[in-house]
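Asks: First the structure, then my questions, so here it is.
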Amino acid sequence: MKKLIITIGLIFSIAALSAQQNAIGNHFSNYLDREDITKISVTGKIFELAAYIEADDEETKEFKDFVSSIDFFQMIVGDEGQFTQNDYRSALGKVEREYEELMTIEDKDGDFNFRIKERNGVVREVIMLGYTTDDLIIMSISGHMDLRQLSKMGSRIQTEGFEHFKKIEDSGMDQIKIYPNPAQSGQQFNIQVPENFVGGEASLMDLNGRLVMTYPMSTKKQQLRLGSVPPGQYVMEFRSDEMTVSKKVSVK
């Protein structure tokens, strides 16, 4: 496994820059010609090389399958105090309508916002926008990915930027359960959250961002009664002191 990680890291470091239609190309192309911006791009051909790496254990096979599902990786970093938190907020404003919010984290490292573009249950693009005391970070990964694998395997790729995906794994997002989904109008959602969300809140919002109801998360397992909530698509948002996680739910 260690050899595989090193190999992938070397492949990334020598990849030539390329263009791709993604969040960066569509919304932040003005940064690509600036000398004060660090740019990293990796094409799909590089990721295809993972298919030829021999997998001698289950962990290596899992990692190989994940890397093979990525078509393109691109990241831009503006550092040395060139950007402010207002630039970060402005960047979020450019993508918030096109990309579904997955998670927001505010911790000692800075502010990080993860968003996805999903089609038929397959994640086609994941973007991360981050702001630290030193950097503005905008990152895009496109392909045909399993979100659970991205959070688990992304941080194991040894190239700059992927370490931020460990935040998804550390958040406990995979431990948040909502069932039944869809739920019947007038019935309830059963909710299960990890310990770090106990004491926070769960909010149900429609797809326009309108708040439908808020519910305190006093224990790890609770029931959210829907009452007169009409049928439709909604977003359930879970908030703790440091992070916010969003999941899609349906009422029928």
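Asks: Is it the case that residue 198 is among the β-branched types (Val, Ile, Thr), modelled with pLDDT of 90 or more and closer than 28 Å to residue 98 by Cβ? Break it down stepwise before answering.
Replies: On the way: among the β-branched types (Val, Ile, Thr): yes; modelled with pLDDT of 90 or more: yes; closer than 28 Å to residue 98 by Cβ: no.
Taking the combined requirement at face value, the residue does not satisfy it.
Asks: Pick out, from the stretch 54-156, the strands (runs of 3 or more DSSP E) lying fully within it that include 2 or more residues that are out of contact with any Lys or Arg (no Cβ under 9 Å at 6 or more places or on another chain), within 18 Å of residue 24 (Cα to Cα) and touching a residue at least 24 places away in the same chain (Cβ under 8 Å). Walk me through it before giving the result.
Replies: Working: elements: 70-78, 100-107, 110-119, 122-131, 136-145.
Ranges flagged: 70-78, 136-145.
Asks: Still on this structure, I have one more. For the stretch 225-242, state whether one or more residues are without any contact (Cβ under 8 Å) to a residue 12 or more places away in the chain, loosely packed, with under 14 Cβ neighbours inside 10 Å and either under 24 Å from residue 117 (Cα atoms) or under 19 Å from the mean Cα position of the chain (by Cα) (or both). Spell out the reasoning first.
Replies: Here is the first cut: in the stretch 225-242, the ones without any contact (Cβ under 8 Å) to a residue 12 or more places away in the chain are none.
For the stretch 225-242, residues without any contact (Cβ under 8 Å) to a residue 12 or more places away in the chain, loosely packed, with under 14 Cβ neighbours inside 10 Å and either under 24 Å from residue 117 (Cα atoms) or under 19 Å from the mean Cα position of the chain (by Cα) (or both): absent.
Asks: Within the stretch 188-195, does at least one residue satisfy the condition of being among the charged types (D, E, K, R), modelled with pLDDT of 85 or more and either under 26 Å from residue 97 (Cβ atoms) or not in a strand (DSSP E or B) (or both)? Steps first, answer last, please.
Replies: Taking the stretch 188-195 and keeping what is among the charged types (D, E, K, R), we get 195.
Filter once more, so that each one left must be modelled with pLDDT of 85 or more: 195.
Filter once more, so that each one left must be either under 26 Å from residue 97 (Cβ atoms) or not in a strand (DSSP E or B) (or both): 195.
Scanning the stretch 188-195, I find at least one residue that is among the charged types (D, E, K, R), modelled with pLDDT of 85 or more and either under 26 Å from residue 97 (Cβ atoms) or not in a strand (DSSP E or B) (or both), so the answer is yes.
Asks: Can you find, within the stretch 195-216, the residue that is farthest from residue 248 (Cα to Cα) among those that are surrounded by 16 or more Cβ atoms within 10 Å (Cβ to Cβ) and free of Cβ contacts under 8 Å to residues at least 40 places away in the same chain?
Replies: Result: 215.
Asks: When residues of the stretch 82-99 are filtered for being under 21 Å from residue 239 (Cα atoms) and surrounded by 15 or more Cβ atoms within 10 Å (Cβ to Cβ), how many remain?
Replies: Number of matching residues: 3.
Asks: For the stretch 213-252, give me every one of the strands (runs of 3 or more DSSP E) that falls completely inside it and has 1 or more residues that are acidic (Asp, Glu) and within 22 Å of residue 99 (Cα to Cα). Spell out the reasoning first.
Replies: Values: elements: 221-225, 232-239, 243-251.
Once the strands (runs of 3 or more DSSP E) in the stretch 213-252 are filtered for at least 1 residues that are acidic (Asp, Glu) and within 22 Å of residue 99 (Cα to Cα), what remains is 232-239.
Asks: Additional query: I'm trying to understand the selection: among the residues of the stretch 240-252, which are modelled with pLDDT of 90 or more and of a type outside the set (Ser, Thr, Tyr)?
Replies: Within the stretch 240-252, 249, 251, 252 qualify.
Asks: Of 127, 157, which residue is at pLDDT 90 or above and crowded, with 16+ Cβ neighbours inside 10 Å?
Replies: Details: 157 fails: at pLDDT 90 or above.
Going through 127, 157 in turn, the sole match is 127.
The values are calculated or read from the model by the stated rules, or taken from the named source; none is laboratory data. Keep in mind the model is a prediction, meaning the values are calculated, not measured. Every residue, glycine among them, receives a Cβ derived from its backbone with ideal geometry; neighbour counts consider all protein chains shown.
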